[in-house]
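First the structure, in the form of structure tokens, and then the observations on it.
The values are calculated or read from the model by the stated rules, or taken from the named source; none is laboratory data. As the structure is a computational prediction, the values presented were derived from the model and not from experiment. Using ideal geometry, Cβ is built from the backbone for each residue, glycine included, and neighbour counts are taken over all protein chains shown. These accessible areas exclude ligands, DNA and RNA; they are computed on the full protein's heavy atoms, side chains included. Shrake-Rupley method; radii C 1.70, N 1.55, O 1.52, S 1.80 Å.
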Amino acid sequence: MGEVTIEQLECYGATSTVARIQWATMRWHSGAPPCYAEFVDVVETAVAQICNELARDPQMHYGQKEDHITYGLVGRLKVFGFHAAFDTTVGGHCDVVVKWNDDLIWLAEAKHYTSNSWLWKGYQQLSSRYSTGEPRGSRGGMLIYCSKPRTDLLMESWKGYMLDQCSDFVFEPKPDRLANAFSSHAVSNRTGVAEVVTHFPVSIYFEPLDRPKKPRKKASKKAIR
Amino acid sequence: MSELAFLSERELLMCEKLIEVISSRLASRAQGVWTYSNLAKWTGSKVGDPVFMNCVNLLAMHPDFRVLEMHLLFFDPEDPESDGIPLDDEQTAHALAADGFLVNPRTGDRVQNYKSTIVPYFKPSKRLEDGAHG
């Protein structure tokens, strides 16, 4: 036949994470819409892929504002074929909104890791302000931009802080998504539906050890005095 | 940052090439069948080249730049002379579903290993047609 068949496209889709994401969204666009579980799986695979791409060039993102990084992430989600929007109104200005047919929804809040209390503010916005608590919108993400070293320790500290705020949280590691990623399970205050948030730590820490150290300033005469 | 900032130089050039080919085919009487293989031939690309594949997929999926819609043709192994039977929306949905299947539109029988008998092809999206005619 000499033409590319569905079988060949499926094989191509298995060659890389990007190809897998593209083949999934291509099928959805062409009339085979996903169930919520498949939608969430592919969205989160794509978000993890983009987080990996961001972490590959930390010097490009170190010191950038949250919104700038997140806007780029949303642009990349669109390239993958998602109906994604930045800073869209869903009960407030949610940083990332991914929808399918206005039926399935995945929301995310992005925060620089400056402190656990700052992340907690983002988590509360996501879970109590933006999320409807409906079953087809019960999954979401926290995009945590880490300009500090050791995301493993930062995430352990963040989990501990979450437990201090509410002892009912259940955590599940998600190493298949991203190093040190995890999901938190809670119950929606609005509907009682189980809510699962995946926490994506994006390491944009950039302090190469081979960089020449700045010479120490000579002590001023004033200081000596 | 641009919406397309994540695209490489090669991908941007490939998108331009594809849009040129699509526009000229749309304006021509002999539009041909827009399969992956034909699009590759018309743009001087290779099927399976990730840059080519990414760009075709981008033009068929990006919510802001969607100019192509994917459809399916069934090539009946029992009818080698056939030019392919276009599948309707319901048949397409079944064929592309995760646990999909295909019923031969000609005989009504289920097709074994149906994925090797289906060829995707593209049509201009409604947005592109509206743009071309308006």
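Details
- All helices (runs of 4 or more DSSP H) inside segment B:1-95 with 3 or more residues being at pLDDT below 95 and at the interface with chain A (Cβ under 9 Å from one of its Cβ atoms): B:50-61
- The number of residues in segment A:5-33 that are at pLDDT below 95 and not in a helix (DSSP H, G or I) comes to 7.
- Subset of segment A:1-11 [open to solvent by 40 Å² or more (accessible area, probe 1.4 Å) and either more than 7 Å from chain B (Cβ to nearest Cβ) or among the polar types (S, T, N, Q) (or both)]: A:8, A:11
- When the criteria are applied in full, residue A:88 meets the requirement of being more than 11 Å from chain B (Cβ to nearest Cβ) and modelled with pLDDT under 95.
- Single match in B:68, B:26 (criterion: over 12 Å from the mean Cα position of the chain (by Cα) and touching a residue at least 60 places away in the same chain (Cβ under 8 Å)): B:26
Matching residues to (1) touching a residue at least 40 places away in the same chain (Cβ under 8 Å); (2) open to solvent by 10 Å² or more (accessible area, probe 1.4 Å); (3) in contact with a Pro (Cβ under 6 Å, 6 or more places away or on another chain); (4) within 9 Å of chain B (Cβ to nearest Cβ):
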site: A:14; (1), (2), (3), (4): no, yes, no, no
site: A:25; (1), (2), (3), (4): yes, no, no, yes
site: A:29; (1), (2), (3), (4): yes, yes, no, yes
site: A:34; (1), (2), (3), (4): yes, yes, no, yes
site: A:40; (1), (2), (3), (4): yes, no, no, no
site: A:49; (1), (2), (3), (4): no, yes, no, no
site: A:52; (1), (2), (3), (4): yes, yes, no, no
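- Here segment A:54-64 is the region considered, the condition is being of a type outside the set (S, T, N, Q) and in a loop (DSSP other than H, G, I, E, B), and the residue that is surrounded by the most Cβ atoms within 10 Å (Cβ to Cβ) is A:62.
- Selection within segment B:47-93 - charged (D, E, K, R) and touching a strand residue (DSSP E or B) at 6+ places or on another chain (Cβ under 6 Å): B:69
- Residues being surrounded by fewer than 20 Cβ atoms within 10 Å (Cβ to Cβ) and farther than 23 Å from residue A:190 by Cα - total across segment A:132-145: 0
- Test for residue A:80: is it closer than 23 Å to residue A:181 by Cβ and either surrounded by fewer than 20 Cβ atoms within 10 Å (Cβ to Cβ) or under 14 Å from the mean Cα position of the chain (by Cα) (or both): no
- Residues that are open to solvent by less than 20 Å² (accessible area, probe 1.4 Å), in contact with a strand residue (DSSP E or B) (Cβ under 6 Å, 6 or more places away or on another chain) and in contact (Cβ under 8 Å) with a residue 24 or more places away in the chain are absent from segment B:94-102 altogether.
- Taking the criterion of being among the β-branched types (Val, Ile, Thr) and in contact with a Lys or Arg (Cβ under 7 Å, 6 or more places away or on another chain), the residues of segment B:13-61 that qualify are B:43, B:51.
- Subset of segment A:65-85 [without any contact (Cβ under 8 Å) to a residue 40 or more places away in the chain and in a loop (DSSP other than H, G, I, E, B)]: A:65
- Within segment B:105-134, being part of a helix (DSSP H, G or I), away from every other protein chain (no Cβ under 14 Å) and in contact with a helix residue (DSSP H, G or I) (Cβ under 9 Å, 6 or more places away or on another chain) holds for B:128, B:129, B:132.
- Annotation: of all residues in segment A:104-141 being of a type in the set (Lys, Arg) and at pLDDT 95 or above, the one that is farthest from residue A:37 (Cα to Cα) is A:121.
- In segment A:86-119, the residue that is surrounded by the most Cβ atoms within 10 Å (Cβ to Cβ) out of those that are in a strand (DSSP E or B) and among the polar types (S, T, N, Q) is A:88.
- Residue within segment A:61-79 that is among the charged types (D, E, K, R), within 29 Å of residue B:35 (Cα to Cα) and touching a strand residue (DSSP E or B) at 6+ places or on another chain (Cβ under 8 Å) present: yes
- Summed over segment A:114-132, the residues that are polar (S, T, N, Q), touching a helix residue (DSSP H, G or I) at 6+ places or on another chain (Cβ under 9 Å) and touching a residue at least 60 places away in the same chain (Cβ under 8 Å) give a count of 1.
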